[in-house]
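Here is the structure we will look at.
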Amino acid sequence: AANLKGRRCGPGTWKTVALISPEELILTPWFTDLGFVPQFKVNTGVKFAVRNVYVYRLDFACEAKKLYVEIDGSAHDHTARKIRDARRNDILASLGWTGLRIPAKQVTQSPEGTKAAILHWITALSS
């Protein structure tokens, strides 16, 4: 079962959203062993409205190296979501973060191949 949290979506209404996808659950122990924190929150300092600041929840992040990995489900295939993801990536990059986006389907189809690709990415950035 995924970690669930209520989200307000209108006056007096709530919906339940999954914070951790099944694909993220597959990778969580492995990422934890690498020193990444699941569901890591980054305060961007970017304001919206009067007093609110964007806080991004990253699927997996290593704060010491400022690396993050996002596992993207099919919702990220839509144009509007791609634009939002690109803006988010730009804001995180401006704060010194480097990210990798991986389709959730890839994790399901080849967990070991996905891990190898992530390790290759981390190694390449460390050289």
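FYI, it's all coordinate maths here, none of it is from the lab. Predicted model only: the values in this text are computed from it and were never measured. Cβ coordinates were reconstructed from backbone atoms using ideal geometry, including for glycine residues, and neighbour counts include every protein chain displayed.
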- Item | Proximal aspartates and glutamates to Lys66, defined as alpha-carbon separation beneath 16 angstrom and excluding residues fewer than eight positions away on the same chain | Asp90
- Message: Take Lys41 and Ala80, extend 7 Å from each Cα along the Cα→Cβ direction, and tell me the distance between the two endpoints in nm.
- Response: 2.6 nm
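If r is the Cβ-Cβ distance from Ser127 to Leu100 and R0 is 22 Å, what FRET efficiency results, to the nearest 0.05?
0.90
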